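The values are calculated or read from the model by the stated rules, or taken from the named source; none is laboratory data. Quick caveat, the model's predicted, so the values are computed rather than measured. Note that each Cβ is placed from the backbone with ideal geometry, even for glycine, and that neighbours are counted across all protein chains shown. These area figures cover heavy atoms from the full protein model, side chains too; ligands, DNA and RNA do not enter into them. Shrake-Rupley method; radii C 1.70, N 1.55, O 1.52, S 1.80 Å.
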Amino acid sequence: MSAPSAQRPSAPQHTPKVSEREARQVAEDARERDWHKPSFAKELFLGRFRLDLIHPHPLPAGEDVRRGEEFLARMREFCETRIDGALIEREARIPDEVVNGLKELGALGMKIDVKYGGLGLTQVYYNKALALVGSASPAIGALLSAHQSIGVPQPLKIFGSQEQKDTFLPRLARTDISAFLLTEPDVGSDPARLATSAVPDGTDYVLDGVKLWTTNGVVADLLVVMARVPKSEGHQGGITAFVVEADAPGITVENRNAFMGLRGLENGVTRFHRVRVPAANRIGPEGAGLKIALTTLNTGRLSLPAMCVGSGKWCLKIAREWSAVREQWGRPVARHEAVGSKISFIAATTFALEAVVDLASQMADENRNDIRIEAALAKLLGSEMGCLMADELVQIRGGRGFETADSLAARGERAVPAEQMLRDMRINRIFEGSTEIMHLLIAREAVDAHLKVAGDIIDPDKPLSAKARAGANAAGFYARWLPRLVAGPGQLPGTYGEFHPAGHTDLSGHLRYVERSSRKLARSTFYAMSRWQGRMETKQGFLGRIVDIGAELFAMSAACVRAELLRTGDDHGREAYQLADAFCRQSRVRVEELFTRLWSNTDDLDRRVVDGVLSGTYTWLEEGIVDPSGEGPWIADATPGPSTRENVHRPIR
């Protein structure tokens, strides 16, 4: 049988055509370039272990704790008495009365200032509330997070005018649900190809286009929409953010999407056809949309790992209860090493992940540090580890882990939704930046210092004069920086002695390991840049491992600092030290493997295999099956125009 010729699917014709370089430049222009505040994670990637930036662990103010704990108590009662997670899973919908109850509770305004009718909770307590409600129903956690973390309230808080805040925030605090609309059928993490347009017309803009995967979009009252303004006289143009009324004429929610998990998610496809939006609803200047989106995500990303903490706590509870009663070969399964190691991983990882989220959240509240890398690392670590913990729970439960909660209940056993947890958690590796995109985003920030001093050297478009100036600057920078990577406090046995208190597990050795590994990480990055220069951006496997090492080192640091905080506060200090020690030892195994794989891997071979796959060389390997997929295009047509579909928008009142 001859192999069919491989064809590259064509993009929809209305999508802007951009080169790889142009796409990268759009992303580069949107990122926050300056560092006005210190960053623990940024320093970590540069080989400088700044423990002083996170230790002693920052603490919330007493009044913030009081208000936060009072709300958590009300939220817990609501979760226990008003939320039926199994019902939401069966019916694939959050009951309207539950949403209205959340409104009455003030949950829509957790992060909105009290002067606008919100609760004014800190980031720390907002995240604790999401972890709590997400454990009752991940779909509700997603609804509240999409509304406040990336929806209309957060960009208005940072970039909105006073008039916009006065107009919209009171509604968003109590009654109105919001959604964030960026993704399009053919545009994901490459916003340079954004097709939705916003054409100026008098005192309005006219929106046309289609948005995909609009979480909360089916029930939203207000939308924050990213659209491209064409450049014209009096308009600088570019991707721009708008607040849009969800019931405005010309808006059609054409489909409520269904997924493998988060079955209660109100996620849809939204079409805009000649939708008029007042210029007063534009957030910030024209062309600032992507910068607004990325800045919003700096702290907005913390909500996702916060809910992963909640799932980790639940996985630990179920693993503990189940493995103590289930016997195999005369002993509880927890006493068998193969199962026990999984339980240890869940316990230690949950402790470390909570340490990362709480530390980054408190740093966000204090606003003394730039946490853009810390928040991204928390999202990366939480989404990856959260999936692993859920998967390990299913394995610990065996056949019962694969069985649905309804089926378990029907035959008389406890209705434990382990398989649902695994399905619900899987999206976190894609939501708000996939793992692969997070690797690239964090890697770009990690090498920022190098690009600032040596970027012109490896830029093929720069003239020789610019390269010469960059060479001189780079020589000075590296002459000061490189010698500091040779030796450091991590090589001195007594360093960080306060983390080895009498009668407790020794954590000081782990911090010395972090310090040494931080310098090794920086040396590896420098060597790679010297070796590959302009091709560095194509070495995504290498960059991903560099970022994963940084994530592990950040988590180890946070775990040790949290353990010491709990010890000094006489709050399970001994047990916290044990969990931190377990996590650090597990993490060090992963770090050593990642360091090895920096230089010993199959990246080049993998690229050759991919070339063969795409050219049709291996199509013979696909023989012997049938493809159950349906007919239709790979990417739905999103040509602007009037909708031909029924509007399934259903605001909740």
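For the listed peptides 318-328, 174-184, a ranking on the average number of other beta carbons within 10 Å per residue, highest first, reads 174-184, 318-328. Annotation: per residue accessible area for segment 455-559 equals 45 Å², rounded to a whole number [probe 1.4 Å, protein chains only]. When the alpha-carbon atoms of segment 92-231 are used, the pair Rg, Dmax equals 16.0, 48 angstrom.
Magnitude of the charge dipole for segment 419-520, about its Cα centre and with charges confined to Cβ atoms of Lys, Arg (+1) and Asp, Glu (-1), is about 460 debye. With the biggest extent put first, the Cα atoms of segment 262-392 measure 72, 40, 17 Å across the principal axes. For segment 201-344, take the alpha-carbon Rg, divide it by the Kirkwood Rh, and send me Rg/Rh. Across segment 201-344, the Cα-based Rg/Rh ratio is 1.25. Put simply, when 225-236, 137-148, 440-451 are sorted by average Cβ atoms within 10 angstrom per residue, most first, you get 137-148, 440-451, 225-236. Taking all C-alpha pairs of segment 524-593, those more than 19 Å from each other amount to 49 percent.
Remark: C-alpha extents of segment 367-500 on the principal axes read 76, 47, 30 Å, sorted largest to smallest. Its residues counted as N, segment 73-154 yields a C-alpha radius of gyration over 2.2 N^0.38 Å of 1.04.
In terms of the Cα gyration tensor, with a ≥ b ≥ c the square roots of its eigenvalues, is segment 11-166 rounded because a/c is under 1.5, prolate because a/b exceeds b/c, or oblate? Cα axes put segment 11-166 in the oblate bin. Placing +1 on the Cβ of every Lys and Arg and -1 on the Cβ of every Asp and Glu, with nothing else charged, gives the chain a dipole about its Cα centre of roughly 1300 debye.
If only the Cβ of Lys and Arg carry +1 and only the Cβ of Asp and Glu carry -1, the dipole of segment 101-167 around its Cα centre is close to 140 debye.
Helical runs (DSSP H, four residues minimum) scored at -39500 (n - 2.57) apiece and divided by the length of the chain put the mean residue ellipticity at 222 nm at -17500 deg cm²/dmol.
Put simply, when 625-633, 425-433 are sorted by average Cβ atoms within 10 angstrom per residue, most first, you get 425-433, 625-633.
The length gained on full extension between Q162 and D611, counted as 0.36 nm times the residue separation minus their Cα-Cα distance, comes to 156.3 nm. Averaging 1/r over each pair of different alpha-carbon atoms in segment 46-113 and inverting the result gives 15.2 Å, the Kirkwood hydrodynamic radius. Each of L130, A198, W213 was scored by the projection of its Cα onto the charge dipole of segment 116-217, and the greatest displacement toward the positive side belongs to L130; charges sit on the C-beta of Lys, Arg, Asp and Glu. Between the listed residues L393, W322, L380, the Cα displaced farthest toward the positive end of the dipole of segment 320-393, a dipole computed from Cβ unit charges relative to the Cα centre, is found at W322.
Start at zero, step by 5 Å, and the Cα-Cα distances of segment 573-653 spread as 3, 9, 7, 8, 9, 8, 8, 9, 12, 12, 11, 4, 1 percent across the bins.
If you model the chain as an ellipsoid using its alpha carbon gyration tensor, with each semi-axis the square root of five times an eigenvalue, the axes come out at 37, 34, 28 Å, biggest first. In this structure, the residue pairs whose Cα-Cα separation is over 32 Å, taken from K115/K291; K157/K462; K17/K467, are K157/K462. For segment 553-624, chymotrypsin sites (Phe, Trp or Tyr not before Pro) are listed when DSSP marks them as loop and at most 16 other Cβ atoms sit within 10 Å of their Cβ; the list is Y618. The alpha carbon gyration tensor of segment 229-312 gives principal lengths a ≥ b ≥ c with a/c of 1.5 or higher and a/b no greater than b/c, which makes the shape oblate.
In terms of its C-alpha gyration tensor, segment 495-653 has an oblate overall shape, because the principal axis ratio a/c (a ≥ b ≥ c, square roots of the eigenvalues) is not below 1.5 and a/b does not outweigh b/c.
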